[in-house]
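Bear in mind that the values in this text are calculations on the coordinates, not laboratory data. Note that the structure is predicted; figures quoted are calculated from it, not measured. Glycine also receives a Cβ, built like all others from the backbone with ideal geometry; neighbour counts cover every protein chain displayed.
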Amino acid sequence: MKPAFQITALLSLAGLSAAHQASAAVDFVKDIQPILENNCLSCHREGNVKGGVRLDTLQQATTSGDNGAALVPGKSAKSSMYTTMVLPEDDDLLMPPKKKGGPLPKATSDLVRDWIDEGAVWPDGIKMVSRKKDDVPKVDETVLVKDIHKKIVAESPVIAPLAMQPYAEKIPGTDVAFDLVIIPGGTFQMGSPEGESGRSADEGPQRPVQIAPFWMGKCEVTWNEFELFMYPTEEKRIRLGYKVDPKLNELTDASGRPTQPYVEMSFGMGKDGFPAISMTQHAANKYCEWLSAKTGHFYRLPTEAEWEYAARAGTSTAYFWGDDPAPMDEYCWWGNNSDGKYQKVGRKKPNHWGLHDILGNVMEWTLDQYSPDAYASGAAKNPWVVATKPYPHVARGGAWDDDSAEKLRIAARRFSDPDWKIQDPQFPKSVWYHTDAQFLGFRVVRPLETPSAADMQKYWNSGVEKD
């Protein structure tokens, strides 16, 4: 959401009208503050003023600099904050320098340029600080999960499988909601037959697997949902206009939340109604914990078996519509029709159980550790390969940048890799972001049966999130 207030002095300095400012497309808190705090403030703040430039307050940014103001609202070409970002990587004036992660991705520098040219809206009272390391909250996770479990048990009545209904979940303290569909329990053949075109050895041997009933997100988690978790300060500001149980806020505020990213995380592809991307499996797990505390319903990532069962929706073919990939454009966003970016969720035809974009658009996290021979000895009922190391973990479904239809087959498996963080200049690497995995998102599930507090903790905290 855009800040509700503007700075009169800034409007005057920029020479732009309040109406223009209100329509600005770039949000300072969500889009610009993370870039500057993670890439610029270490050298341009009180106590460390390289080049005479300070960027920790608006007043300093618009007045400091040995060679003129770092920020000239409305004029990116005269703002060294931007012009030094787009210098060649061997230029001594490049900011941040190559040894600190520069040059930044073009989508990031373009966002800074657009923000400046829109008038550089900088909400009153914000003083920025340098951020680099992941901030691990000092919270007793076992106690927190027990409190969340108590809330869920009190607020989620026992439902018989035949009484399950699709429903919309509204996130308390916001206007954001998402839909869930029923995934009935049953047994299916997991994996692909040996004769399937494009098959890999890790998709077999096929085996029968029994799955308990659950609800699943009709669509992939969007930025509208994920940013409530990603930006605690903004979420607190939003919920001021709603009557929310203070105890609920205590639980969600205590949950682990992401550090601010050092780049703009949609990479210019869009946010409103678009799938959230580039989070680690740890970040997706902690979102599920936060969402569960918010709603009083237990949410988690699907296991790999649950994901495949839901995607097949009672079918046994390569795709849920059959073995022929020809109709793919009707059901999927992929390399052939995506225009080089992800698309808004829910615009393609769903599978038979009502799941949109289960193939294509963005690949989706599962709970499982990847093992090439997982199907040879896995459990026959509700299998889950529990993570024991940081890599690799399983993602499924293919994505907007896959040019081969075979990569969008239901049985196709992909797994995480350290290269998904190659642009991250931090050491150690962030536990929250896979900045190079712009094809990766997730959707949530809600099992019909609420697990114990101990099991909830295992689902939400793998213990192997650090590289």
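To the nearest 20 debye, what is the magnitude of the charge dipole of the chain about its Cα centre, counting +1 on the Cβ of each Lys and Arg and -1 on the Cβ of each Asp and Glu?
Taking the Cα centre of the chain as origin, the dipole is about 1040 debye.
Scaled to the compact-protein estimate 2.2 N^0.38 Å, what is the alpha-carbon radius of gyration of the stretch 144-196, rounded to two decimal places?
Ratio of Rg to 2.2 N^0.38 Å for the stretch 144-196: 1.74.
How far apart, in nm, are the 7 Å Cα→Cβ label points at GLN189 and LYS349?
A separation of 2.4 nm, rounded to one decimal place.
Sorted from largest down, give the three principal axis spans of the alpha carbons of the stretch 39-87, whole angstrom values.
Taking max minus min along each principal axis of the Cα atoms, the stretch 39-87 gives 27, 23, 17 Å.
So which helices of the chain fit the span-like rule, where a helix is a whole DSSP H run, its Cα atoms reach 20 Å or more along the axis, and its mean Kyte-Doolittle is at least -1.0?
Span-like helices in the chain: 141-155, 281-295.
Set the Förster distance to 51 Å, then compute FRET efficiency between ASP455 and LYS50 from the Cβ-Cβ distance, nearest 0.05.
0.50
Listed here are the pairs LYS271/LYS389; LYS50/LYS271; LYS99/LYS466; LYS75/LYS344; which of them are more than 28 Å apart at the Cα?
Beyond 28 Å between Cα atoms: LYS271/LYS389; LYS50/LYS271; LYS75/LYS344.
How high is the relative contact order of the chain, in percent, with contacts defined as C-alpha pairs under 8 Å that are six or more residues apart?
Reported as a whole number, the value is 17 percent.
Listed here are the pairs LYS127/LYS429; LYS170/LYS247; LYS146/LYS243; LYS236/LYS341; which of them are more than 29 Å apart at the Cα?
LYS236/LYS341, as the Cα separations exceed 29 Å there.
So for ASP357, ASP179, fewest C-beta neighbours within 10 Å to most, what's the order?
ASP179, ASP357
Of TRP400, THR83, HIS149, which is farthest on the positive side of the dipole of the chain, counting Cα position, with +1 on Lys and Arg Cβ, -1 on Asp and Glu Cβ, and the Cα centre as origin?
Toward the positive end, the furthest listed residue is HIS149.
From the convex hull of the Cα coordinates of the stretch 141-460, what is the mean projected area in square nanometres?
Seen from a random direction, the Cα hull of the stretch 141-460 projects 15.5 nm² on average.
Using a cut-off of 12 Å between alpha-carbon atoms, which aspartates and glutamates can reach LYS218, once sequence neighbours fewer than 8 places away in the same chain are excluded?
GLU169, ASP179, ASP357
Let's see if you can work this out: charge +1 on each Lys and Arg Cβ, -1 on each Asp and Glu Cβ, no other charges. What is the dipole magnitude of the stretch 406-467 about its Cα centre, in debye to the nearest 20?
Approximately 220 debye in magnitude.
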